[in-house]
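Let me begin by presenting the structure, written as structure tokens, before commenting on it.
The values are calculated or read from the model by the stated rules, or taken from the named source; none is laboratory data. These numbers come from a predicted model, not from an experiment. Glycine also receives a Cβ, built like all others from the backbone with ideal geometry; neighbour counts cover every protein chain displayed.
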Amino acid sequence: MVCVLREEGWLDWHILVAVMHLVLNYRIQRALSLGLSRREVEELSDQWTKEVEKENSIHVPLSEFSVENLKVQLRLSMLAGDGSSSDIAASWPL
């Protein structure tokens, strides 16, 4: 999958942003389906972007990680235009 994206010109940051958004959006939808309120999910999603993944984190099935899903997530992240990906990257201890 990464080879396909690389052949299409994707850079590391494209892949990382798309994966982060895919995981976050999946977990948000899963939390909402479990009955959490919008406010609870907003608080959790903010927390999820700033913490290290844990053993009890909501599991994202490998089937979600398709080339098409990653393309959709990258497009959506660019449409959001809220700077969230740069805020998140800045919070990573790299």
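The condition of being in a helix (DSSP H, G or I), under 22 Å from PRO61 (Cβ atoms) and aliphatic (A, V, I, L, M) does not hold for LEU36.
Is it true that VAL41 is in contact (Cβ under 8 Å) with a residue 40 or more places away in the chain, assigned to a helix (DSSP H, G or I) and surrounded by 15 or more Cβ atoms within 10 Å (Cβ to Cβ)? No; evaluated as a whole, the condition is false for this residue. Scanning the range 52-70 for residues that are among the charged types (D, E, K, R) and outside any loop (DSSP other than H, G, I, E, B) turns up GLU64, GLU68.
Listed here are the residues, each with its yes/no results for (1) under 17 Å from ILE28 (Cα atoms); (2) modelled with pLDDT of 90 or more; (3) over 13 Å from the mean Cα position of the chain (by Cα).
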{"position": "VAL52", "(1), (2), (3)": "yes, yes, yes"}
{"position": "HIS59", "(1), (2), (3)": "yes, yes, no"}
{"position": "VAL67", "(1), (2), (3)": "no, yes, yes"}
{"position": "VAL72", "(1), (2), (3)": "yes, yes, no"}
{"position": "MET78", "(1), (2), (3)": "no, no, no"}
{"position": "SER85", "(1), (2), (3)": "yes, no, no"}
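Across the range 20-33, the number of residues qualifying as over 10 Å from ILE58 (Cβ atoms) and among the polar types (S, T, N, Q) comes to 2.
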